[in-house]
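The values are calculated or read from the model by the stated rules, or taken from the named source; none is laboratory data. What you see is a predicted model; the values in this text were computed from it and never measured. Please note: Cβ atoms are built from the backbone with ideal geometry, for glycine as well, and neighbour counts cover all protein chains shown. Ligands, DNA and RNA are stripped out before the accessible areas are found, and what is left, the full protein with its side chains, is counted by its heavy atoms. Shrake-Rupley method; radii C 1.70, N 1.55, O 1.52, S 1.80 Å.
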Amino acid sequence: MTAATRIVADRSAVLGEIGEGAAERERRGKDPHEQIQLLRDAGLTALSLDAAHGGGDADVVELLDFIVDLAHADPIVAHILRAHFWFVEQIKRLPDGPVRERWSTEIAHGKIFGNASSERRGTAGTRRFATRLRTVHDGPVGDGWLLTGEKFYSTGTAFADYVAVQAALDESVARVVVPLDRAGVRVLDDWDGIGQHRTGTGSTELVDVVVRPTDVLSLTATAATDAPPVANDGPLLQLFLQALITGILQSVTDDAVELVRGRIRTFDHAPAAEPRHDPVLLQTIGEVDAAATVARAAVRSAAQDVERAFACARDGVIDTDLFEQASLAAARVKVHVDRVALPAATSLFDVGGASAASRTRNLDRHWRNIRTITLHNPTSYKAIAIGDLLVNETALPANGYF
């Protein structure tokens with residue numbers, strides 16, 4: 001059986017197992033290490049790696065379809081892998097050679113890659129970092145560097161084997177990949193979000209971490225005015241978040257249906273004697289289901305735009321028009337999905353009555369998780385950028401938040 005066949009064969013069963021107990025894990029604040037291991041063992045962490053290197057050969061559309069399903073099972077687990085699948089896409093763009101072969105082999109063997117990009121200070125979306133690499137020509141490093149700095153929002157890194165770090169090197173930005181067990185790397189569980197709170201989203205401290213030339217994935221000048229265009233990974237990173245919300249909306253629909261089917265009591269002044277025949281409750285469920293279904297269709301449609309841009313980039317061609325279309329598609333999905341998802345999660349309590357507020361049911365996790373995901377970047381800024389593009393033909397921002 002090939003790696004790709006194994007991935008397809010195991011997917012449904014693995015998702016079912018991950019979904020078991022997801023609400024209780026979230027309520028108890030339990031890290032989903034066992035569930036991440038299930039994905040490794042099934043080869044699903046290599047789902048989007050090219051088949052020639054042992055992966056499942058999924059394009060962006062299939063990948064995000066899977067992420068919706070995984071978020072439906074457990075959005076915490078799905079979110080942990082956001083930086084990982086970003087890394088996989090970057091590796092797929094590399095030319096054939098020892099660098100691509102090295103990292104592809106690690107991915108195929110189930111290794112997981114975390115992220116350490118964001119910093120507490122500065123402006124989000126810029127490429128200026130306080131984290132720095134300093135050159136050392138002798139001692140334990142040889143002709144290499146020492147990496148020092150502190151990162152925040154390192155989602156998934158606590159579950160990873162490697163972490164990809166963006167750092168300043170002279171007048172350039174370096175993206176380096178180091179193992180989590182290398183001396184000087186420390187991951188802190190210091191983020192206390194109201195939702196998505198067991199995703200390993202904490203700080204990553206880097207103190208004189210040895211970086212060798214083979215650890216450098218890319219080097220980009222920060223001030224070059226004549227630099228060739230580069231691939232913008234923002235559309236994938238942002239649409240991934242909407243896929244998470246879409247999976248959660250499917251869980252909201254499931255829970256709403258279960259609540260109404262299980263309700264016996266109603267009010268004397270209700271429009272129907274049984275909750276399952278109450279038109280008010282049925283209307284609410286229909287609206288929640290519509291929100292989830294349209295969100296999935298929107299994610300899939302935008303994923304096609306992202307795949308078109310990325311497919312060219314994998315062939316070594318950066319089509320800026322395709323990347324702007326991908327960014328626009330992802331932004332439109334965010335503006336729509338963010339606006340419908342929170343009311344849908346709130347309306348779950350309208351169909352359940354007072355008992356739906358029971359802490360043991362943990363139904364509030366859906367709203368908390370959606371609210372937390374929407375805060376990754378302001379929906380209003382996305383809507384403004386879309387309007388400015390349409391009215392004034394102002395180009396969309398070309399950073400990781402678009």
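Within region 358-374, track down each residue that is open to solvent by 20 Å² or more (accessible area, probe 1.4 Å) and either of a type in the set (S, T, N, Q) or at pLDDT 95 or above (or both). Can you show your working first?
Initial filter on region 358-374 (open to solvent by 20 Å² or more (accessible area, probe 1.4 Å)): 358-361, 364-365, 367-368, 371.
Hits for region 358-374 are SER358, THR360, ASP364, ARG365, TRP367, ARG368, ARG371.
Please enumerate the residues belonging to region 266-324 that are within 30 Å of ASP69 (Cβ to Cβ), among the β-branched types (Val, Ile, Thr) and open to solvent by 60 Å² or more (accessible area, probe 1.4 Å).
THR293, VAL294
Within 30 Å of ASP50 (Cβ to Cβ) and either crowded, with 22+ Cβ neighbours inside 10 Å or not polar (S, T, N, Q) (or both): does that describe ALA383?
Working: within 30 Å of ASP50 (Cβ to Cβ): no; either crowded, with 22+ Cβ neighbours inside 10 Å or not polar (S, T, N, Q) (or both): yes.
Considered against the rule, which asks whether it is within 30 Å of ASP50 (Cβ to Cβ) and either crowded, with 22+ Cβ neighbours inside 10 Å or not polar (S, T, N, Q) (or both), ALA383 comes out as no.
Can you tell which of ARG134, ARG120, ARG128 is over 23 Å from ALA309 (Cα atoms), among the basic types (Lys, Arg), assigned to a strand (DSSP E or B) and in contact with a strand residue (DSSP E or B) (Cβ under 8 Å, 6 or more places away or on another chain)? Full working, then the answer.
Numbers: ARG120 fails: assigned to a strand (DSSP E or B); ARG128 fails: assigned to a strand (DSSP E or B).
Matching residue, one of ARG134, ARG120, ARG128: ARG134.
Could you identify the single residue in ALA221, ALA174 that is open to solvent by less than 10 Å² (accessible area, probe 1.4 Å) and in contact (Cβ under 8 Å) with a residue 40 or more places away in the chain?
Matching residue, one of ALA221, ALA174: ALA174.
Examine region 303-316 for a residue that is among the acidic types (Asp, Glu) and out of contact with any Pro (no Cβ under 9 Å at 6 or more places or on another chain), and state whether such a residue exists.
Initial filter on region 303-316 (among the acidic types (Asp, Glu)): 305, 307, 315.
Narrowing further to those that are out of contact with any Pro (no Cβ under 9 Å at 6 or more places or on another chain): 307, 315.
Among the residues of region 303-316, at least one is among the acidic types (Asp, Glu) and out of contact with any Pro (no Cβ under 9 Å at 6 or more places or on another chain), which makes the answer yes.
Could you list, in sequence order, the residues of region 282-315 that are polar (S, T, N, Q) and closer than 30 Å to GLY353 by Cβ?
Answer for region 282-315, where residues must be polar (S, T, N, Q) and closer than 30 Å to GLY353 by Cβ: GLN283, THR284, THR293.
Of all residues in region 42-72, count the ones that are in contact (Cβ under 8 Å) with a residue 12 or more places away in the chain, in a helix (DSSP H, G or I) and open to solvent by 20 Å² or more (accessible area, probe 1.4 Å).
Residues meeting the conditions: 7.
Can you report the number of residues in region 103-112 which are open to solvent by 10 Å² or more (accessible area, probe 1.4 Å), within 27 Å of TYR153 (Cβ to Cβ) and in a helix (DSSP H, G or I)?
Going through region 103-112 one residue at a time, the tally reaches 1.
Return only the number of the condition from (1) at pLDDT below 95; (2) in the same structural domain as ASP208 (by the TED database); (3) surrounded by 13 or more Cβ atoms within 10 Å (Cβ to Cβ) that GLY142 does not satisfy.
Just one mismatch for GLY142, condition (3).
Please tell me if SER355 is closer than 26 Å to GLU274 by Cβ, out of contact with any Leu (no Cβ under 9 Å at 6 or more places or on another chain) and open to solvent by 10 Å² or more (accessible area, probe 1.4 Å).
Spelling it out, it is not the case that SER355 is closer than 26 Å to GLU274 by Cβ, out of contact with any Leu (no Cβ under 9 Å at 6 or more places or on another chain) and open to solvent by 10 Å² or more (accessible area, probe 1.4 Å).
Looking at (1) open to solvent by less than 60 Å² (accessible area, probe 1.4 Å); (2) under 17 Å from the mean Cα position of the chain (by Cα); (3) under 25 Å from THR222 (Cα atoms), which is the only condition LEU147 fails?
The single condition LEU147 does not satisfy is (2).
Just wondering, is there one or more residues in region 154-164 that are out of contact with any strand residue (DSSP E or B) (no Cβ under 9 Å at 6 or more places or on another chain) and buried (at least 22 other Cβ atoms within 10 Å of the Cβ)?
Checked region 154-164: no residue is out of contact with any strand residue (DSSP E or B) (no Cβ under 9 Å at 6 or more places or on another chain) and buried (at least 22 other Cβ atoms within 10 Å of the Cβ).
Hey, can you tell me all the residues within region 146-171 that are touching a residue at least 12 places away in the same chain (Cβ under 8 Å), outside any strand (DSSP E or B) and not hydroxyl-bearing (Ser, Thr, Tyr)?
PHE152, GLY156, ALA158, PHE159, ALA160, ASP161, GLU171
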